[in-house]
Each structure stands twice: as structure tokens, then as C-alpha cells.
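The values are calculated or read from the model by the stated rules, or taken from the named source; none is laboratory data. Just so you know, these numbers come straight off a predicted model, no measurement behind them. Because the Cβ atoms are built from the backbone with ideal geometry, glycine has one as well, and the counts that use them run over all protein chains shown. What goes into the accessible areas is simple: the full protein's heavy atoms, side chains included, and nothing from ligands, DNA or RNA. Shrake-Rupley method; radii C 1.70, N 1.55, O 1.52, S 1.80 Å.
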Amino acid sequence: PNTISFGTMINAARLELAVATLRAAPDARREDLEAAMLMLSRRWATFGRLPEGLAMVEEVVAGLRAARPPRPANLINALDALGSAYSKAGRQAEHVATYREALDLAQRTLGAEHFNVAVLHHNLAGALDAAGVANEAIVHSDLALSLAARSVAPTHAFPLTAVLLNARLHCAAGDRDGGRARLQPLLPEYTRLPQLAERLAAARAACAMD
């Protein structure tokens, strides 16, 4: 069944109008246009208009790669959106390559221990897992959790999300003790995060916790 709300459809229509208006305005801020385009691309993906959304994100990324002076923070954000779009499109090679680029840029720009770097390690781990590169996925997933632990509590939404991938990867690789040890203490926290139910079930199954 179609679960897209009328309000979501209206918001997408407004974003389309905003993008068209900003494109036509000679004095529009480039950052405002880019932000509207990225938001619209996500809405289009929701509506099944993924090719159009992907093309729009690629346009934003191309513009930011050519921007002078460079705007690395904006480019990192756009690359993150592009990686997600490639994932939805099943384009695994581009999915991995895009998150590698985003991670490298974030490390050089923000520093290797920045929280956003932890998030990108996790995203790259997910891309590598989807591409079947399990060993490297574990390396980046471990780094994501280690870096996140320096910035936020284990019960923060990001480590609770990241540990599900991490536990599943470790258990699938034969390290069930390690995977269970990461996941078991946090299990009560997932009652408040129903959106993670599918990932939790996958991690529990991989770790034979059911």
C-alpha cells in the first residue's frame, strides 16, 4: 500500500517550486539552492523518482567539486546524500567510492576524531558490507564505534544504530562472543527505537540471540 502522506506530497511540490525559483533568481545564494535540491532529491526517492533524485544530487556534488573557493563541509554533506542515493539505486561500486571520498575529505577537513568522521566510517562500513567486503567493513565499523564513544554516550541514537551493524558483522565473521558482548548490554534501549527493529532482528539472528 502507498503510505506517502498528503502533507509529504505537498512538501515535495513546495520544494520543486523552491528549486525552480532559486534557479531562476540571479541573486540566489548557491548554498540555499543546493540545500533545496538535496531535500527535494530525498523526497523524489520516497516517491519512486530515484533517477531524477540521483541526477539532482550528482549535479550538486559536481558543482561543489568545482567550487572556488572550496566548500568542503557542503561537499561532505552532499557526498553523504549521494552515497545514500547510490545505495538505493543498487549501484554498489559508486556507493563505496562515494563514501570513501566523503570520509577522506572529512578526515582532512575536520580531523580524524571528529564525530562526523565516526558517522562516515559507519556509512562506509555499511556500503562495504552491501558490496560483500566484510573484513574491511568490520574495520570501519569498529572505528565508528570507537570514535563515537569519545563524543557521545552509548545510548545516543548513533552508537545504538552503529552497534547493530557492528554486532552483525562480527557475528557473521565468526566472532559471536564479540558481537554479543557489544549488543547484549544495550538491548533494553531499543524499545524506544522501533525504527531500528529490522536491523535489531538481523543482528540478533546473526548472533544467534533469539
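If you go through the range 124-138 and pick out every residue that is under 17 Å from Ala202 (Cβ atoms), over 15 Å from the mean Cα position of the chain (by Cα) and in a helix (DSSP H, G or I), you end up with 2. The sole residue among Ala85, Ala93 that is among the small types (Gly, Ala, Ser), out of contact with any Gly (no Cβ under 8 Å at 6 or more places or on another chain) and assigned to a helix (DSSP H, G or I) is Ala93. Scanning the range 18-36 for residues that are surrounded by 17 or more Cβ atoms within 10 Å (Cβ to Cβ) and either on the phi > 0 side of the Ramachandran plot or acidic (Asp, Glu) (or both) yields a single hit, Glu34. Taken as a whole, the condition of being at pLDDT below 95, out of contact with any Asp or Glu (no Cβ under 8 Å at 6 or more places or on another chain) and surrounded by 14 or more Cβ atoms within 10 Å (Cβ to Cβ) applies to Arg42.
When Pro70 is tested against the conditions (1) closer than 22 Å to Phe158 by Cα; (2) open to solvent by 70 Å² or more (accessible area, probe 1.4 Å), the lone failure is (1).
A single member of Ala89, Ala81 is open to solvent by less than 40 Å² (accessible area, probe 1.4 Å) and of a type in the set (Gly, Ala, Ser), and it is Ala81.
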